[in-house]
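Chemist: Below you'll find the structure I mean.
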């Protein structure tokens, strides 16, 4: 029985399977027939619709990044619309007659970007490709002729040219090349700002991408929906392009004059200049050297002559195999990591990112603090015998022979370290440190520019400042500053005591031209009284106008200005490396603009000469003051008139951007001794002599403002009465350098100031060796 049931089941199952198989075959045959019918009649249309839908389903529309303008409307940075040439081989191959005409047209118009054999090979190997870039970032005039081939109604229209379309995008362009490169910064390919305003205002400058969507409606018609891109806002800066050009011209001229002068390399490791409106905090110009081309930021030729850094950004030892400075040989051998580190050093803004000891430029701050606090009245007279014992150390003046009787005003005029140290003693550490904070030292200015250094750890506090640190600090050694914080604080000394936050942007403008935000000048605090400010102006005027003034060479033709020279020794404290500077302002009787020039380690045998800085200031102001329509206040000599004529300047006329003037060499020659302000950060060991030398950590040792205040070089800082014989004038003269030779020490003495310019032991106390160090980083 069981066998019969199994047989019966098997027979019925087979019958059902046969029926199901026949039915399925019939259904499959019907579907196949229908599919063949659809493919034959409507296949091309459906394929086109599907492909169109894929192409336009999600297309990103680029936005235009906002512009950066100077205060006169000159464009410093803009975004240019460019086009990528795209080939769609699917569309091209749909029409056989289109292949040859299209290939010939592509080669004829874009043959510089792709050759015919490469194009044919790609088309043959990629028949289903929808996106192949033939050429990138072309200007409109480069694609216009080809567009005419594809435009119905155009005289050049050719219906057989198919499969080519143009993709819109934007590239960042800087019309003036390297102009204001430190201020502007640059962007990456994806619109991310790097350095400067481009980075700081990245969110304002960037817009929002748009989107184009495509879909098929019920009738299989392609429909499109577009969400437009939103362009970025533009920013209007306080920078005056004309003043910026003048500043950069003379920084370049300085480098051209002194490059490779004493050793291989640029005229200095860094040179910086800031011009600022003292009554608003607006920066009118800021530049440093070396600079770079914003349109070609990785131009390696710009690295030549720079001080080399290692992969971590630290300066390479000058005694290393590379020689310390970048040349063709070591540039060619750089790894990609080392090359990038040196590019970063190039792109870095020296004026806000590097720190150094200010030297005697700080002396007006010390005097202002003492006057404002009531520690002195301004009527005091101090005795300078060439040094002062403090904390068990003899801290020398830049003039080791002594300045004699020194009034408060004269202490600024001749830059007397001893007088300043005595003023510091009347102030005390706590009060001195408090005023440093009030003036902004150790604090970020919060200037609207990416990369500002922090100096909080590079100044002493009342708790860490001993008598020696106080003494050396009074003349600007032992602590570090940035250029931007120094000029911002100095502006408050001469504008009535009002500290304005320095800034670069005056307003933000929408793509339609409407003002989104106006940035008004912002007073942060009052640092000193107006009465004290007036006294500081009168003292600083003596630096340029006084008989013994150390900054006479800073005076521009036809104008009187005020200011202060500075010199400080840098690390290593070997009496060979100095930073020299000059802080000036104009007009002398009512300051409105300030200018600060810092020369970091000039390329000279004797670096401690403030005239490296004052000469730049003079040349800049000789052009800037007439441009700003300030009337001349001083008689013009025949020599000065010839200089003005050579610059096409007379009265209020403005110099042409193309005019250049030959940079004056420092009076008695570069390598042969030079008198002048010494900045402990940039002087040669021979230049420091008996002047103070900053500690290894960045503090000035013995406190002598190393020649800094000998910085002068233009006036007699040693004699209190005009015409009196100064002790060093009785010494023998070195025939090679023109300097006097101290018979007791053999050191060279500057004939104008009495400063030691070569040899000799440091007069700064060793206890300052643990003070804040020179810094280069934020």
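Each row is one residue, and each column tells you yes or no for (1) in a helix (DSSP H, G or I); (2) under 28 Å from the mean Cα position of the chain (by Cα); (3) touching a residue at least 60 places away in the same chain (Cβ under 8 Å).
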site	(1), (2), (3)
412	yes, no, yes
418	yes, no, no
422	yes, no, no
434	yes, no, no
437	yes, yes, no
442	no, yes, no
496	no, no, no
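Chemist: Scan segment 373-381 and give yes if some residue there is touching a helix residue (DSSP H, G or I) at 6+ places or on another chain (Cβ under 7 Å) and buried (at least 19 other Cβ atoms within 10 Å of the Cβ), otherwise no.
Modeler: Checked segment 373-381: no residue is touching a helix residue (DSSP H, G or I) at 6+ places or on another chain (Cβ under 7 Å) and buried (at least 19 other Cβ atoms within 10 Å of the Cβ).
Chemist: While we're here: Checking residue 143 against (1) more than 30 Å from residue 346 (Cβ to Cβ); (2) under 48 Å from the mean Cα position of the chain (by Cα); (3) buried (at least 16 other Cβ atoms within 10 Å of the Cβ); (4) without any contact (Cβ under 8 Å) to a residue 60 or more places away in the chain, which single condition isn't satisfied?
Modeler: (4)
This table checks each residue for (1) more than 24 Å from the chain's Cα centre (by Cα); (2) closer than 28 Å to residue 278 by Cα; (3) modelled with pLDDT of 90 or more.
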| residue | (1), (2), (3) |
| --- | --- |
| 569 | no, no, no |
| 572 | yes, no, no |
| 576 | yes, no, no |
| 579 | no, yes, yes |
| 582 | no, yes, yes |
| 589 | yes, yes, yes |
| 595 | no, yes, yes |
| 604 | yes, no, yes |
| 614 | no, yes, yes |
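Chemist: Additional query: Inside segment 203-314, counting only strands (runs of 3 or more DSSP E) that do not spill past its ends, which hold 3 or more residues that are surrounded by fewer than 16 Cβ atoms within 10 Å (Cβ to Cβ)?
Modeler: 210-216, 222-227
Chemist: Just one of the numbered conditions (1) under 30 Å from residue 563 (Cα atoms); (2) under 19 Å from the mean Cα position of the chain (by Cα); (3) surrounded by 22 or more Cβ atoms within 10 Å (Cβ to Cβ) is not true of residue 346; which one?
Modeler: The failed condition is (3).
Chemist: Answer yes if at least one residue in segment 315-324 is touching a helix residue (DSSP H, G or I) at 6+ places or on another chain (Cβ under 8 Å), in contact (Cβ under 8 Å) with a residue 24 or more places away in the chain and outside any loop (DSSP other than H, G, I, E, B), and no otherwise.
Modeler: No, because not a single residue in segment 315-324 is touching a helix residue (DSSP H, G or I) at 6+ places or on another chain (Cβ under 8 Å), in contact (Cβ under 8 Å) with a residue 24 or more places away in the chain and outside any loop (DSSP other than H, G, I, E, B).
Chemist: Residues 492, 533: which one is under 22 Å from residue 276 (Cβ atoms), more than 26 Å from the chain's Cα centre (by Cα) and at pLDDT 95 or above?
Modeler: 533
Chemist: Might you let me know whether segment 546-556 holds any residue that is touching a residue at least 60 places away in the same chain (Cβ under 8 Å), surrounded by fewer than 24 Cβ atoms within 10 Å (Cβ to Cβ), in the same structural domain as residue 609 (by TED's automatic domain parsing) and more than 30 Å from residue 638 (Cβ to Cβ)?
Modeler: no
Chemist: For residue 395, all conditions in the list (1) surrounded by fewer than 24 Cβ atoms within 10 Å (Cβ to Cβ); (2) in a strand (DSSP E or B) hold save one; what is the number of the exception?
Modeler: (1)
Chemist: A follow-up question, please. Within segment 328-370, how many residues are within 30 Å of residue 414 (Cβ to Cβ) and without any contact (Cβ under 8 Å) to a residue 60 or more places away in the chain?
Modeler: Qualifying residue count, segment 328-370: 1.
Chemist: Which one of 547, 520 is outside any helix (DSSP H, G or I), at pLDDT below 95, more than 24 Å from residue 370 (Cβ to Cβ) and out of contact with any helix residue (DSSP H, G or I) (no Cβ under 6 Å at 6 or more places or on another chain)?
Modeler: Exactly one of 547, 520 is outside any helix (DSSP H, G or I), at pLDDT below 95, more than 24 Å from residue 370 (Cβ to Cβ) and out of contact with any helix residue (DSSP H, G or I) (no Cβ under 6 Å at 6 or more places or on another chain), namely 547.
Chemist: Do we have residue 373 as in contact with a strand residue (DSSP E or B) (Cβ under 9 Å, 6 or more places away or on another chain) and touching a residue at least 12 places away in the same chain (Cβ under 8 Å) here?
Modeler: For residue 373, the condition - in contact with a strand residue (DSSP E or B) (Cβ under 9 Å, 6 or more places away or on another chain) and touching a residue at least 12 places away in the same chain (Cβ under 8 Å) - is not met.
Chemist: Assigned to a helix (DSSP H, G or I) and surrounded by fewer than 20 Cβ atoms within 10 Å (Cβ to Cβ): is that true of residue 463 in this structure?
Modeler: So residue 463 does not fit the description; no.
Chemist: Also, quick follow-up: State whether the residues of segment 385-408 include one that is at pLDDT 95 or above, out of contact with any strand residue (DSSP E or B) (no Cβ under 9 Å at 6 or more places or on another chain) and closer than 25 Å to residue 491 by Cβ.
Modeler: no
The values are calculated or read from the model by the stated rules, or taken from the named source; none is laboratory data. Computed from a predicted structure; not experimentally measured. For neighbour counting, all protein chains shown are included, and Cβ atoms are generated from backbone atoms with ideal geometry for every residue, glycine included.
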